[in-house]
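**Student:** Below you will find the structure I want to go over with you.
The values are calculated or read from the model by the stated rules, or taken from the named source; none is laboratory data. Note that the structure is a prediction, hence the values are computed from the model and not measured. Here the Cβ positions follow ideal geometry from the backbone for every residue, glycine too, while neighbour counts run over all protein chains shown. Remember, those area values only see protein heavy atoms, side chains included, never the ligands or the DNA or RNA. Shrake-Rupley method; radii C 1.70, N 1.55, O 1.52, S 1.80 Å.
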Amino acid sequence: MALDPKRLVMCWPNYIDSATLSGGSYVSTLPLGNVQDPRFAVVAKTASLATTDTQLAITLARRRPVAVVAIPAHNLSPSAQVRVRVYRDAAQTDQLWDSAWRNVWPVVYSLADVIWGNDNFWNRRLDEEDRSTRTPLLAVFFDDTYIATAVTVELSDPGNTDGAITFGRVFLADAWQPGYNMSLGVQYGHDSGTEISTAGDDARTEYADRVTPKRTASFDLDWLDESEAFLRLHRLQRTEDIVGEILFMPSITPSPANFARSMIARQQSLDPLTQPYQLIHSHPVNLLEIL
């Protein structure tokens, strides 16, 4: 079933660890297999920017429901494009879906963020000088959930000033939406992690050991039926615990605000399901971004 753009989407489990990877060309010290490392800082690096090098194929051991492929921790430039194809078979002869070439980066600026006369005033595309300040996340949602065995990802970024494409963890998963959206009262924030030490001088001078803040999202899913409560969320707690990756998006509709809130995260706590009414359940969710 196609996803509703007006509702939250959560995606799990990530099938990448048990998949077979192939395609493209990568430097020997940073091979394609690095994308199966859960640490986003462990990256794969293409041998060049040639399109024959900047691609990968993900083959699953058996058919799985797949709805999204995502790549965080990448160095793709503002003009980069991506193409994803989904196949029923491992031999990639029975194609189920083709995304066609599309932009990697969505619109990330509001009209108040761009300056008249700049090259990106009309399209509000990411500025190259601003790329390092953005948390990269490439996510391609399919037009439906497919039962598939193979997914290919092609990247095109001939203008990348780094001379090669690097990317960390690859995420391939199913997608789920609750019947009712998140309840009002959602809290979006940041977990700083920065530590400040104070010197012993008269001014009590402060020194900061600064790190990148991690985004957080806390919300309640109310009005869950038994299937949603126990076959989705209760199972999610058991299979993913507080370490499993979850792709969180408040909406799949591209917008600066949605991009700012979208992230690959983990559960911070395993909160209990409650049953406030007959056959109706509620569940709080607390997510912490993975960087």
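**Student:** For a quick check of your reading: which strands (runs of 3 or more DSSP E) sit entirely within the range 156-207 and have at least 1 residues that are touching a residue at least 24 places away in the same chain (Cβ under 8 Å) and surrounded by 10 or more Cβ atoms within 10 Å (Cβ to Cβ)?
**Tutor:** Hits in the range 156-207: 171-173, 187-191.
**Student:** Another question about this same structure. Among the residues of the range 82-95, is there at least one that is part of a strand (DSSP E or B), more than 30 Å from residue 261 (Cβ to Cβ) and open to solvent by less than 50 Å² (accessible area, probe 1.4 Å)?
**Tutor:** yes
**Student:** What number of residues within the range 208-229 satisfy the criterion of being exposed (fewer than 11 other Cβ atoms within 10 Å of the Cβ) and either under 21 Å from the mean Cα position of the chain (by Cα) or closer than 18 Å to residue 10 by Cα (or both)?
**Tutor:** Qualifying residue count for the region: 1.
**Student:** Looking at the range 263-278, is at least one residue open to solvent by less than 70 Å² (accessible area, probe 1.4 Å), closer than 14 Å to residue 138 by Cα, under 19 Å from the mean Cα position of the chain (by Cα) and of a type in the set (S, T, N, Q)?
**Tutor:** So far as the range 263-278 goes, no, none of its residues is open to solvent by less than 70 Å² (accessible area, probe 1.4 Å), closer than 14 Å to residue 138 by Cα, under 19 Å from the mean Cα position of the chain (by Cα) and of a type in the set (S, T, N, Q).
**Student:** Among the candidates 254, 284, single out the residue that is surrounded by 12 or more Cβ atoms within 10 Å (Cβ to Cβ) and either assigned to a helix (DSSP H, G or I) or modelled with pLDDT of 95 or more (or both).
**Tutor:** Matching residue, one of 254, 284: 284.
**Student:** Keeping to the range 5-19, report how many residues are over 19 Å from residue 186 (Cα atoms), touching a residue at least 40 places away in the same chain (Cβ under 8 Å) and of a type outside the set (Gly, Ala, Ser).
**Tutor:** Residues in the range 5-19 being over 19 Å from residue 186 (Cα atoms), touching a residue at least 40 places away in the same chain (Cβ under 8 Å) and of a type outside the set (Gly, Ala, Ser): 5 in total.
**Student:** For residue 139, work out the one condition from (1) among the hydrophobic types (A, V, I, L, M, F, W, C); (2) in contact (Cβ under 8 Å) with a residue 24 or more places away in the chain; (3) farther than 26 Å from residue 43 by Cβ it doesn't fulfil.
**Tutor:** (3)
**Student:** Sticking with this one: Go through the range 10-24 and count every residue that is in a strand (DSSP E or B), open to solvent by less than 20 Å² (accessible area, probe 1.4 Å) and touching a Leu at 6+ places or on another chain (Cβ under 6 Å).
**Tutor:** 1
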